[in-house]
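In what follows, a structure is listed as structure tokens, so that the remarks can point back to it.
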Amino acid sequence: MDPLQIGLLVALIVLIALSAFFSATETAYSSCNKIRLKSMESQGNKRAARALRQLDKYDKVISTVLVGNNIVNITMTSLATIFFIGLLKNTTTEQIAVTVSTVVMTVLVLVFGEITPKTLAKEHAEGWTCAVSGVMAVIMIVLYPINWLFSMWRKLMNKIFKKKSEQTYTEDELITIVETAQSEGGLNEHESQLIRSAIEFEDLDVDDIMVPRVNVVAVEESAAFDEIKEVFATSGFSRLPVYSKTIDSVIGVIHEKDFYGLLRDSNSDIHDKISPCICVSLNMKISKVLRMLQKAKVHLAIVVDEFGGTAGIVTLEDILEELVGEIWDEHDEVEVLYKKIDDNTFLVQGTENLDDMFEELGVETKEEFDSTTVGGWVTEQLQKIPVAGENFTFENLEVSVTKANARRVLEVKVKVGEKPSEEEEDGSLIQRAIKKIEERD
């Protein structure tokens, strides 16, 4: 091998290394986590700060990498052809030498110039980005004239092909990102649940979390002090709504501390200690109600229906529990909404949220219901207030009423069977639709 061949061989090795450099850099800048780089910057890492500045000009960085990579690959192809023609000139024809050059360089570039560096760079994206940020700054200056020409071309293309508005993340995509971070170990289960609750917080209405009217504990403004004292003692609540004649006319809220202050001062007028309350509608977002409660500096709001009557109450604690989970205090009674009898059978309280029950039991349905609770749903399905012992089938669930009174369903037994096939499911939907039409007629 003469000196020229040796020189070409050395040049090819250097060019393969440069190809690997540009391939790794492209992958690293494309897949690096900017949040991690910002964390490194806050700890005083100057290379991370420089990499972040370059990422703010991402198009210029990628343009530089692609230009550099193409220059290297084209040069490498030309030199490889010369090298193999000179190496094989005495043993084969020039055409075969070119073919050998193409095959050998394709394998070398794929293995050492593309696949290997990109795989390693993806695994260590932030580290590689920081390491090469200085070199990239120099290369961007050297290739600036070429980049400028391509930037003009890009602007021309953007004018010809109108660019759509920047796409933002949807709620489902954000939840997917959180779930991915949890599965990869970046977030623990508690952190993941907290973030998901915050994302879904804006979707919840007052109707989803309120204490319904039938469960509201309130006192009449003319009630005797001993009666009010007994209500505070038995309920364990620190605040009680106060109404005039009927619970549909709530005039305010009295705090337990203020009430006992009346008893100590021998003051006979309860109105002196009744605080004004705010009223909210059933379909109001709980995020808005939270801001209203904060602004008014109160902990309880009266939920009114479309006719102005009292539909229930919602408290600051109820809203916060949607973010952080159940908040128990020493007076709370733990209500067991689910009781597992066996692997496929459950006792469910009528006050349980219907969507939560479906999710817990793995039921996916396309139907929409007017009711939000299990008890209301059972009543809706049977078209009447049922008595204990009545039952029906829905999807793969066998539902039996175990406890009920004259006004509502208190408890049901749900047995989970095998999921129906798509054909059976479609047939079941059609049958239910026909049944509803017949009932209307």
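The values are calculated or read from the model by the stated rules, or taken from the named source; none is laboratory data. Fair warning: this is a prediction, and the values are worked out from it, not measured in the lab. For neighbour counting, all protein chains shown are included, and Cβ atoms are generated from backbone atoms with ideal geometry for every residue, glycine included. These accessible areas exclude ligands, DNA and RNA; they are computed on the full protein's heavy atoms, side chains included. Shrake-Rupley method; radii C 1.70, N 1.55, O 1.52, S 1.80 Å.
In the condition set (1) free of Cβ contacts under 8 Å to residues at least 12 places away in the same chain; (2) buried (at least 16 other Cβ atoms within 10 Å of the Cβ); (3) of a type in the set (A, V, I, L, M, F, W, C), Ala224 is compliant with all but (2).
Among the residues of the stretch 230-260, those that are open to solvent by 60 Å² or more (accessible area, probe 1.4 Å), within 21 Å of Ala296 (Cβ to Cβ) and outside any helix (DSSP H, G or I) comprise Phe237, Arg239, Ile251.
Of the residues making up the stretch 261-317, just one is more than 27 Å from Phe225 (Cβ to Cβ), of a type in the set (S, T, N, Q) and in a loop (DSSP other than H, G, I, E, B), namely Asn283.
Just for the stretch 140-156: of the residues that are part of a helix (DSSP H, G or I) and in contact with a helix residue (DSSP H, G or I) (Cβ under 6 Å, 6 or more places away or on another chain), which one is surrounded by the fewest Cβ atoms within 10 Å (Cβ to Cβ)? Can you show your working first?
Just the residues of the stretch 140-156 that are part of a helix (DSSP H, G or I), to begin with: 140-142, 144-156.
Right, trim to in contact with a helix residue (DSSP H, G or I) (Cβ under 6 Å, 6 or more places away or on another chain) and you get 140, 146-147, 150.
Values: Met140: 18, Ile146: 14, Asn147: 21, Phe150: 17.
Residue satisfying both the conditions and the ranking: Ile146.
Residue count for the stretch 83-92 under the criterion of being within 23 Å of Leu18 (Cβ to Cβ) and open to solvent by 40 Å² or more (accessible area, probe 1.4 Å): the result is 2.
Look at Met140 and say whether it is modelled with pLDDT under 85, hydrophobic (A, V, I, L, M, F, W, C), more than 30 Å from Asp269 (Cβ to Cβ) and over 31 Å from the mean Cα position of the chain (by Cα). Considered against the rule, which asks whether it is modelled with pLDDT under 85, hydrophobic (A, V, I, L, M, F, W, C), more than 30 Å from Asp269 (Cβ to Cβ) and over 31 Å from the mean Cα position of the chain (by Cα), Met140 comes out as no. For residues in the stretch 103-134 being among the β-branched types (Val, Ile, Thr) and without any contact (Cβ under 8 Å) to a residue 24 or more places away in the chain, which is nearest to Thr77 (Cα to Cα)? Filtering the stretch 103-134 for residues that are among the β-branched types (Val, Ile, Thr) and without any contact (Cβ under 8 Å) to a residue 24 or more places away in the chain, the one nearest to Thr77 (Cα to Cα) comes out as Thr106. Total residues in the stretch 105-125 satisfying the condition of being open to solvent by 50 Å² or more (accessible area, probe 1.4 Å) and either of a type outside the set (Lys, Arg) or on the phi > 0 side of the Ramachandran plot (or both): the figure is 12. Residues of the stretch 173-182 include none that is open to solvent by 90 Å² or more (accessible area, probe 1.4 Å), closer than 30 Å to Gly308 by Cα and not polar (S, T, N, Q). Being under 18 Å from Ser30 (Cα atoms) and open to solvent by less than 60 Å² (accessible area, probe 1.4 Å) is the filter here, so list the residues in the stretch 51-77 that pass it. If the condition is that a residue be under 18 Å from Ser30 (Cα atoms) and open to solvent by less than 60 Å² (accessible area, probe 1.4 Å), then Ala51, Leu52, Gln54, Leu55, Val61, Ile62, Ser63, Thr64, Val65, Val67, Gly68, Asn69 are the ones that fit. Restricting the search to the stretch 330-353, which residues are at pLDDT 85 or above and either hydroxyl-bearing (Ser, Thr, Tyr) or under 28 Å from the mean Cα position of the chain (by Cα) (or both)? Listed by number, the residues that qualify are Thr345, Val348. Here Glu41 meets each of (1) surrounded by fewer than 17 Cβ atoms within 10 Å (Cβ to Cβ); (2) free of Cβ contacts under 8 Å to residues at least 12 places away in the same chain with one exception, condition (1).
Of everything in the stretch 207-253, what is in contact with a helix residue (DSSP H, G or I) (Cβ under 6 Å, 6 or more places away or on another chain) and closer than 18 Å to Cys277 by Cα? Give them in sequence order.
Going residue by residue through the stretch 207-253, those that are in contact with a helix residue (DSSP H, G or I) (Cβ under 6 Å, 6 or more places away or on another chain) are 209, 217, 219, 232, 238.
Within the stretch 207-253, Val217, Val219, Ser238 qualify.
Candidates Ala80, Ala48, Ala24: the one that is in a helix (DSSP H, G or I), at pLDDT 90 or above and open to solvent by less than 40 Å² (accessible area, probe 1.4 Å) is Ala24. Looking only at the stretch 394-414, residues that are in a strand (DSSP E or B), surrounded by 17 or more Cβ atoms within 10 Å (Cβ to Cβ) and touching a residue at least 60 places away in the same chain (Cβ under 8 Å) come to 4 in all. Could you say whether any residue in the stretch 199-208 is in contact with a His (Cβ under 8 Å, 6 or more places away or on another chain), within 30 Å of Ser244 (Cβ to Cβ), open to solvent by less than 60 Å² (accessible area, probe 1.4 Å) and touching a residue at least 40 places away in the same chain (Cβ under 8 Å)? No; the residues of the stretch 199-208 include none that is in contact with a His (Cβ under 8 Å, 6 or more places away or on another chain), within 30 Å of Ser244 (Cβ to Cβ), open to solvent by less than 60 Å² (accessible area, probe 1.4 Å) and touching a residue at least 40 places away in the same chain (Cβ under 8 Å).
Return the residues of the stretch 335-389 that are of a type in the set (D, E, K, R) and in contact with an Asp or Glu (Cβ under 7 Å, 6 or more places away or on another chain); say none if nothing qualifies.
Within the stretch 335-389, the subset of a type in the set (D, E, K, R) is 335, 339-340, 342-343, 352, 355-356, 359-360, 364, 366-368, 370, 380, 384.
The answer is Asp370, Glu380.
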